[in-house]
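Engineer: Starting off with a structure, shown below.
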């Protein structure tokens, strides 16, 4: 039973990560500021429902960066995360 619960949690984390990456891709044509704001909105939803500390902290950092006006940093961080995700799962 523990294995099944762990796999469910891992799949949920993976799904939440993909949601953030998809938000970036869906809004790729927007300028940096509105795109970063969309990413932060997605992160707020995921942060509120996740139980994973790493994902929670990452979302919190992205939200805080947008609040501080560091829009380019957010977009570059997501691009870097997308590359790492592709290397890990492809």
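Each reported figure results from applying straightforward, stated rules to the coordinates on display, with no laboratory input. Not measured: the values here are computed from a predicted model.
Engineer: Enter the angle in degrees (range 0 to 90, nearest 10) between the Cα long axis of helix 53-67 and the first principal axis of the Cα atoms of the chain, meaning the one along which they spread out most.
Structural biologist: Orientation of helix 53-67: about 10 degrees from the principal axis.
Engineer: Moving on to the next point. Once Rh is set to the Kirkwood radius over Cα pairs, what Stokes-Einstein translational diffusion coefficient, in µm²/s, holds for the stretch 21-65 at a temperature of 10 °C and a viscosity of 1.306 mPa s?
Structural biologist: Translational D for this selection: 149 µm²/s.
Engineer: Next question, about the same structure. On C-alpha positions alone, give me the angle between the axis of helix 32-49 and the longest principal axis of the chain, in degrees, nearest 10.
Structural biologist: 30
Engineer: Summing -39500 (n - 2.57) over the DSSP H runs of n ≥ 4 in the chain and dividing by its residue number, what mean residue ellipticity at 222 nm do you reach, to the nearest 500 deg cm²/dmol?
Structural biologist: Estimated from H runs of four or more residues: -29500 deg cm²/dmol.
Engineer: Calculate the tail of P(r) for the stretch 1-77: the fraction of all Cα-Cα distances greater than 15 Å, expressed in %.
Structural biologist: 53
Engineer: Could you state the angle between the C-alpha long axis of helix 71-89 and the longest principal axis of the C-alpha atoms of the chain, as a value from 0 to 90 degrees rounded to the nearest 10?
Structural biologist: That works out to roughly 30 degrees.
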